[in-house]
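Some notes on the structure that comes next.
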């Protein structure tokens, strides 16, 4: 991959490449990100400059340290630590197009995804494992269900879960926010209430959150073709009635809106 992309990386020109991967291929994207950082520093490249389209099953640490300008798409699944230390760029993961199962009820990425991420985006059309978003401090993620200990020790960023979660959600979560579509109606019992609290987003004061959430579900649909996203958007009012916004107790709902990725309250209201 590096040999094929190095010229475009150094010149800052767009390129799109494709490969098949197996689960023995670990830390995919790490060297590409290193070359982007070496040539262009912390600011990286414009979005989607280097696009790598993959098929198969990726090994551990897919998209580790993903840098701005690098987009990795994967038709298949990935092991643990997807997006570990991610600082920018985009990861898009979806099941094979001929799959007949309900993606949102099946695991597509493993445990401890987005560990220590500081930026970038992850869209996964399926479930993540345990400790999703642990120590996330800046990444935006859309996933269709997760296991136990979601958003553990999270300090920033935004996590959107379009389905059920496991136990102990939000333990030690001091920053950022999460949206959860509480399909089973039992999310209140799964939340660790020590540092976070729940609120609905159905009244007038929370309109910016509704606008933002809908835009992200639409983006998830566009990038992954998610049947789950399409179903939620088909009756968005009914979806909103199931949504919980999880936020740190120390931050008011009015102040939290300024943390919406790439958004301000004024821009959303406009």
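Somewhere in segment 241-251, is a residue part of a helix (DSSP H, G or I) and surrounded by 13 or more Cβ atoms within 10 Å (Cβ to Cβ)? No: zero hits. So if I check each of 239, 199, 224, which one is under 20 Å from residue 94 (Cα atoms) and either at pLDDT below 95 or touching a helix residue (DSSP H, G or I) at 6+ places or on another chain (Cβ under 9 Å) (or both)? Only one candidate qualifies: 224. Somewhere in segment 69-78, is a residue assigned to a loop (DSSP other than H, G, I, E, B) and buried (at least 24 other Cβ atoms within 10 Å of the Cβ)? Yes, because at least one residue in segment 69-78 is assigned to a loop (DSSP other than H, G, I, E, B) and buried (at least 24 other Cβ atoms within 10 Å of the Cβ).
The single condition among (1) surrounded by fewer than 24 Cβ atoms within 10 Å (Cβ to Cβ); (2) in contact (Cβ under 8 Å) with a residue 60 or more places away in the chain that residue 84 does not meet is (2). In the condition set (1) over 13 Å from residue 114 (Cβ atoms); (2) out of contact with any strand residue (DSSP E or B) (no Cβ under 7 Å at 6 or more places or on another chain), residue 48 is compliant with all but (2). The number of residues in segment 37-54 that are assigned to a strand (DSSP E or B) and loosely packed, with under 14 Cβ neighbours inside 10 Å comes to 0. Total residues in segment 207-240 satisfying the condition of being surrounded by fewer than 18 Cβ atoms within 10 Å (Cβ to Cβ), in contact (Cβ under 8 Å) with a residue 24 or more places away in the chain and not in a helix (DSSP H, G or I): the figure is 1. The set of residues in segment 9-36 being crowded, with 18+ Cβ neighbours inside 10 Å and over 22 Å from the mean Cα position of the chain (by Cα) consists of 9, 35.
So if I check each of 111, 98, which one is modelled with pLDDT under 95, assigned to a loop (DSSP other than H, G, I, E, B), closer than 30 Å to residue 165 by Cβ and out of contact with any strand residue (DSSP E or B) (no Cβ under 7 Å at 6 or more places or on another chain)?
98
The values are calculated or read from the model by the stated rules, or taken from the named source; none is laboratory data. None of the values given here were measured: they were computed from a predicted structure. Don't worry about glycine lacking a Cβ; one is built from the backbone with ideal geometry, like all the others, and counts go over all protein chains shown.
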